[in-house]
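Novice: Have a look at this one before I ask anything.
The values are calculated or read from the model by the stated rules, or taken from the named source; none is laboratory data. All values derive from a computational prediction rather than experimental measurement. A quick note on method: Cβ atoms are made from the backbone with ideal geometry, for glycine too, and the neighbour counts reach across all protein chains shown.
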Amino acid sequence: MELVGRAHRFVPDDDINTDYIISGRYKFKTDDINELATHVMEDIDPGFAGRVSSGDFIVAGRNFGCGSSREQAPRALKAAGVGAVIASSYARIFYRSSFNIGLPLIECDTSWIVGGALLRVDMDAGTVRDDATGASASTVPIPATMQRLLADGGLVEHIKKRGGFEL
């Protein structure tokens, strides 16, 4: 599977927690995921939700998605049109929640990626490439079970499609 989109970076890019992804002032007021999507990353970059295009990438450093384990964070990113998150590492619960809802997480060295770059992610080959510069990095392989969840659109869709929990 290949994904193509623009890179969006934030400062700082390490330890971006789920309250930065979607602030508690919103996630406790509404269950409407489309409303939450209009506020993603607002505390770090107030204009982000208005600039992100469908398929774009969030690029971050270490420990992306740390903090509370609420599933609204990855759901709001997906609803905002984020095609994947590319980071050096992820918080464990955020990692699993993202795959459960069908949001790809790509793990690799991100120090070379600049904001605005057009990136091409080849999930089969395990690479991230900047089309303009030709720079690239190898990704940490996504486990086969997680690849199946992504291919099916997340855990719920996987169960509907396959009639059970077999991965």
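Novice: Of all residues in region 22-67 being of a type in the set (Phe, Trp, Tyr) and in contact with a strand residue (DSSP E or B) (Cβ under 7 Å, 6 or more places away or on another chain), which is surrounded by the fewest Cβ atoms within 10 Å (Cβ to Cβ)?
Specialist: Here the residue is PHE48.
Novice: Let me ask you something else. Output the residues belonging to region 35-53 that are closer than 27 Å to GLU2 by Cβ and in contact (Cβ under 8 Å) with a residue 40 or more places away in the chain.
Specialist: ALA37, VAL40, PHE48, ARG51, VAL52, SER53
Novice: Moving to a separate point now. From GLY134, GLY115, which residue is in a loop (DSSP other than H, G, I, E, B) and within 17 Å of VAL82 (Cα to Cα)?
Specialist: The unique qualifying residue is GLY115.
Novice: Inspect all residues belonging to region 69-79 and state whether any of them is under 15 Å from THR139 (Cβ atoms), in contact (Cβ under 8 Å) with a residue 24 or more places away in the chain and out of contact with any Phe, Trp or Tyr (no Cβ under 7 Å at 6 or more places or on another chain).
Specialist: Looking for residues that are under 15 Å from THR139 (Cβ atoms), in contact (Cβ under 8 Å) with a residue 24 or more places away in the chain and out of contact with any Phe, Trp or Tyr (no Cβ under 7 Å at 6 or more places or on another chain), one finds none in region 69-79, hence no.
Novice: Moving on. Keeping to region 30-77, report how many residues are at pLDDT 95 or above, under 28 Å from SER111 (Cβ atoms) and of a type in the set (Ser, Thr, Tyr).
Specialist: Total satisfying the criteria: 2.
Novice: Test of understanding: among ARG92, ARG129, which residue is under 23 Å from ILE21 (Cα atoms) and basic (Lys, Arg)?
Specialist: Every option except ARG92 fails the conditions.
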